[in-house]
Amino acid sequence: MGAKDAVSLMDYHLCRLTIADLDEICVIEDAVYTHPWTRGNFLDSLYSQHEAWGLRRLDGRLIGYFFAMLVLDELHLLTIAVAQNEQGKAWGLQLLKHLFELARRKECVSILLEVRVSNQRAIHIYQRFGFVQVGRRKAYYPAHQGVREDALLLQLILPQHEGGQ
Ligand SMILES: CC(C)(COP(=O)(O)OP(=O)(O)OC[C@H]1O[C@@H](n2cnc3c(N)ncnc32)[C@H](O)[C@@H]1OP(=O)(O)O)[C@@H](O)C(=O)NCCC(=O)NCCS
């Protein structure tokens with residue numbers, strides 16, 4: 001059964017995330033990241049009115065989420081995650097599709113993101129989705145024992161339509 005089939009079989013809600021969702025978000029974040037965002041990081045992002053969206057199963061369970069920041073006509077993906085037991089079922093692809101739709105609605109010209117050089121799975125998914133590398137940020141991420149890791153800067157240019165969207 002292909003990744004896409006998995007999604008079409010499972011109904012879900014796309015929902016805007018708020019402070020009320022932080023407990024669930026932090027459980028996922030702490031489980032899937034070696035250097036997770038803190039509750040404070042998420043609060044700062046929500047207080048800054050960043051775009052925060054999640055996928056919930058019909059029984060209400062949070063499957064995954066993304067936080068993104070609108071900078072003029074560019075949407076900057078800040079974090080994206082799918083619950084450990086839900087990974088590999090195309091939910092990440094679904095989140096990227098909603099991120100893309102959000103960028104279109106906001107009339108953005110591109111989406112930008114940083115990803116750890118070592119995060120081959122995410123890099124593969126982003127490249128499959130159409131992101132290309134446009135830069136590299138030296139020692140951008142904390143890594144083990146105080147060593148730092150570079151980030152690849154990836155960008156997706158949105159197709160522009162004559163006369164706006
Ligand atoms: C990265 C992450 C969000 C991906 O979510 P996921 O649910 O595991 O990924 P998916 O199952 O949706 O994988 C996407 C699939 O869609 C494919 N895909 C991506 N774009 C596609 C497109 N446009 N058309 C068809 N398929 C596409 C991918 O190749 C992948 O297929 P594969 O599994 O056969 O390689 C998730 O693994 C995660 O939370 N990881 C930990 C946190 C993290 O690293 N986040 C990213 C930080 S930058």
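Taking a virtual spin label 7 Å from the Cα of residue 19 along the C-beta vector, which residues in region 47-73 bring their backbone nitrogen under 13 Å of it? Counting only backbone N, you get 47-49. Computed with a 1.4 Å probe over protein heavy atoms only, the accessible area of residue 132 comes to about 80 Å². Across 35, 98, 76, mean-square fluctuation computed from a Gaussian network of the chain (C-alpha pairs under 10 Å connected) peaks at 35. Which of the three applies to region 74-165, rounded, prolate or oblate, going by the alpha-carbon gyration tensor with a ≥ b ≥ c and a/c under 1.5 meaning rounded? It comes out oblate by the Cα gyration axes. Rolled with a 1.4 Å probe across the full set of protein chains, the surface gives residue 43 an accessible area near 40 Å².
Here the chain is assigned +1 on the Cβ of each Lys and Arg and -1 on the Cβ of each Asp and Glu. Its dipole about the Cα centre then comes out at about 380 debye.
Consider a paramagnetic label point 7 Å from the Cα of residue 98 along Cα→Cβ; state which residues of region 17-40 have an amide N under 12 Å from it. Counting backbone N atoms under 12 Å from the label point, the list is 17-18. Of all the options 146, 88, 40, the one that moves most in a Gaussian network model of the chain with Cα springs shorter than 10 angstrom is 146.
Helical content alone sets the calculated 222 nm signal of the chain at -9500 deg cm²/dmol, taking -39,500 (n - 2.57) per DSSP H segment of four or more residues and averaging over every residue. With the simple model of a label 7 Å out from the Cα in the direction of the Cβ, residue 35 to residue 148 spans 0.9 nm.
Normalised per residue, the accessible area of region 50-164 is 52 Å², obtained with a 1.4 Å probe and no contribution from ligands, DNA or RNA.
The values are calculated or read from the model by the stated rules, or taken from the named source; none is laboratory data. It should be emphasised that the depicted structure is a prediction, and the values quoted were computed from it without experimental measurement. Cβ: placed from backbone, ideal geometry, glycine included. Neighbour counts: every protein chain shown. Surface areas here come from the heavy atoms of the whole protein model, side chains and all, with no ligands, DNA or RNA. Shrake-Rupley method; radii C 1.70, N 1.55, O 1.52, S 1.80 Å.
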